[in-house]
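One structure is given here, and the rest of the page talks about it.
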Amino acid sequence: MPKIVSARVIVASPGRNFTTLKIECDDGTTGVGDATLNGRELAVAAYLSEHVIPCLIGRDAHRIEDIWQYLYKGAYWRRGPVTMAAIAAVDMALWDIKGKIAGLPVYQLLGGASREGCMVYGHANGATIADTIEAALDYQEQGYKAIRLQCGVPGMASTYGVSQDRYFYEPADNDLPTENVWSTSKYLRVVPELFAAAREALGWDVHLLHDVHHRLTPIEAARLGKDLEPYRPFWIEDATPAEDQEAFRLIRQHTTTPLAVGEIFSSVWDCKALIENRLIDYIRATVLHAGGITHMRQIASLADLYQVRTGCHGATDLSPVTMAAALHLGLAIPNFGIQEYMRHTVETDAVFPHAYRFADGMLHPGDAPGLGVDIDEALAETFPYARAYLPVNRLEDGTMWSW
Ligand code: EZ4
Ligand code: CO
């Protein structure tokens with residue numbers, strides 16, 4: 001048996017902050033896991049170092065399910081983003097180790113490829129509709145089959161998803177939270193115009209997506225869904241804050257626009273009612289924030305019973321380790337839908353050399369044994385952690401709102 005002899009947490013900031021776990025076995029095999037929780041990176045680092053790693057030493061690295069149950073049930077305090085990100089990091093590292101020992105990429109251990117690759121969507125952002133369309137045309141030229149559209153809202157200084165740099169949008173942009181201002185009425189006017197312009201410029205052969213980022217009430221989300229129907233969006237994401245799962249019933253009654261939700265979910269229990277009541281079409285939980293490959297596979301299996309497909313979160317705060325894990329899982333499961341793909345900076349890619357590759361609008365995890373991704377620890381050390389927060393959002397009268 002490959003016995004776990006050591007594990008360490010690496011916190012580094014190559015372009016942005018990442019928390020990474022590396023597990024080592026007595027035969028020299030190592031595995032990596034991503035434990036990054038955006039804006040709360042050190043909480044997971046401490047959870048791992050102080051409370052998880054001491055329990056791992058001496059265990060059989062092959063017993064992935066048993067270790068998952070040990071960390072979940074054994075903590076007594078179940079679920080929550082800090083706990084589940086820590087468990088996820090261990091789980092990813094153990095799948096990586098198992099794959100390396102077997103000499104197989106992880107997707108083979110999960111049942112083998114169910115498709116040629118994982119369709120991804122890129123982010124087209126712009127201050128204006130014209131800028132966003134220009135960015136989207138660029139993605140289309142690069143072969144993307146799906147594009148997320150976000151644009152600035154006239155009369156508002158800033159909004160979600162819009163950045164200075166076309167490719168490298170990074171929301172965690174300050175060492176104290178940036179304050180944004182929000183107006184629902186202004187926003188609801190511009191999005192249908194954006195989609196109308198996009199269909200005119202891009203045609204109908206490309207999937208178009210949009211992220212509402214938890215900002216609408218259920219009836220406002222229903223209005224947006226109806227207004228976008230003529231442009232056939234692939235989905236609207238996080239239409240309303242999803243801790244209110246019942247709210248999706250109201251949205252559902254009013255619109256046939258597909259609904260995606262779940263990037264902040266940490267377990268199957270957060271998804272269960274939404275899936276069983278067929279209130280969503282895509283589940284956006286991912287391996288990192290929802291307990292690893294082991295638990296995400298369970299979420300996907302539940303979703304499959306109800307014809308809900310995956311659309312895993314894949315923003316820049318999910319390291320290349322998570323991207324690799326999501327691609328192995330996405331390639332293997334029957335109900336993969338789409339994978340979000342926000343490009344990492346060159347510094348991030350250099351610190352995390354990886355086997356996954358983009359071609360024809362799809363990512364493929366590659367055939368290196370394990371996850372096919374590693375961390376260059378010496379290089380990581382040259383990028384010290386620097387506190388960074390996601391923004392906060394207020395209505396124009398100062399009321400705190402969802403960001
Ligand atoms: O706000 O990754 O779909 N992507 C998103 C992201 C998330 C951040 C949170 O850490 O909504 O921008
Ligand atoms: Co989102």
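The values are calculated or read from the model by the stated rules, or taken from the named source; none is laboratory data. Only a predicted model underlies this, so the values are computations on that prediction, with no experimental measurement involved. Cβ placement follows ideal geometry from the backbone for every residue including glycine, while neighbour counts extend to all protein chains displayed.
Just a few scattered comments:
- Residue within the stretch 124-132 that is among the small types (Gly, Ala, Ser), touching a Cys at 6+ places or on another chain (Cβ under 6 Å) and not in a loop (DSSP other than H, G, I, E, B) present: yes
- Scope the stretch 139-198; condition away from ligand 1 (no atom under 16 Å from the Cβ) and of a type in the set (A, V, I, L, M); matching residues: Val153, Met156, Ala157, Leu176, Val181, Leu188, Val190, Leu194, Ala196, Ala197, Ala198
- Condition met for Gly330 (under 29 Å from Val153 (Cβ atoms), under 19 Å from the mean Cα position of the chain (by Cα) and outside any loop (DSSP other than H, G, I, E, B)): no
- Counted residues, the stretch 308-321 - those being within 16 Å of ligand 1 (Cβ to nearest atom) and within 24 Å of Ile236 (Cβ to Cβ): 9
- Residue in the stretch 170-183 that is touching a helix residue (DSSP H, G or I) at 6+ places or on another chain (Cβ under 7 Å), more than 19 Å from Glu340 (Cβ to Cβ) and in the same structural domain as Arg343 (by TED's automatic domain parsing) present: no
- Qualifying residue in the stretch 334-343 (condition: within 16 Å of ligand 1 (Cβ to nearest atom), in a loop (DSSP other than H, G, I, E, B), assigned by TED's automatic domain parsing to the domain that holds Asn277 and surrounded by fewer than 19 Cβ atoms within 10 Å (Cβ to Cβ)): yes
- Unique residue being at pLDDT 95 or above, closer than 22 Å to Cys312 by Cβ and basic (Lys, Arg) when the list is Lys272, Lys226: Lys272
- Qualifying positions in the stretch 345-365 - within 13 Å of Ala378 (Cα to Cα) and of a type in the set (Phe, Trp, Tyr): Phe352
- Subset of the stretch 300-319 that is crowded, with 20+ Cβ neighbours inside 10 Å and hydroxyl-bearing (Ser, Thr, Tyr) - its residue that is farthest from ligand 2 (Cβ to nearest atom): Ser319
- Applying the criterion of being free of Cβ contacts under 8 Å to residues at least 24 places away in the same chain and in a loop (DSSP other than H, G, I, E, B) to the residues of the stretch 394-403, the residue that is nearest to the chain's Cα centre (by Cα) is Thr399.
- The condition of being closer than 21 Å to Pro369 by Cβ and either more than 16 Å from ligand 1 (Cβ to nearest atom) or of a type in the set (Val, Ile, Thr) (or both) holds for Lys22.
- Residues of the stretch 271-299 that turn out to be among the charged types (D, E, K, R) and away from ligand 2 (no atom under 16 Å from the Cβ), as a count: 4
- Residue, farthest from Ile101 (Cα to Cα), within the stretch 359-393, restricted to residues that are assigned to a strand (DSSP E or B) and among the aliphatic types (A, V, I, L, M): Val392
- Filter pass, Asp244 being modelled with pLDDT under 95, more than 12 Å from the chain's Cα centre (by Cα) and over 29 Å from Gly126 (Cα atoms): yes
- When the stretch 225-245 is filtered for residues that are more than 15 Å from ligand 2 (Cβ to nearest atom), within 21 Å of Glu340 (Cβ to Cβ) and in contact with a helix residue (DSSP H, G or I) (Cβ under 7 Å, 6 or more places away or on another chain), the ones remaining, listed by number, are Gly225, Leu228, Tyr231.
- Residue match in the stretch 291-307 (condition: within 14 Å of ligand 1 (Cβ to nearest atom), within 27 Å of Leu390 (Cβ to Cβ) and in contact with a Ser or Thr (Cβ under 8 Å, 6 or more places away or on another chain)): no
- Of the residues screened, Tyr169 is not one that is out of contact with any Pro (no Cβ under 7 Å at 6 or more places or on another chain), buried (at least 22 other Cβ atoms within 10 Å of the Cβ) and under 23 Å from Leu327 (Cβ atoms).
- Residues that are modelled with pLDDT under 95 and farther than 16 Å from His210 by Cβ within the stretch 128-162 comprise Pro154, Gly155, Met156, Ala157, Ser158, listed in sequence order.
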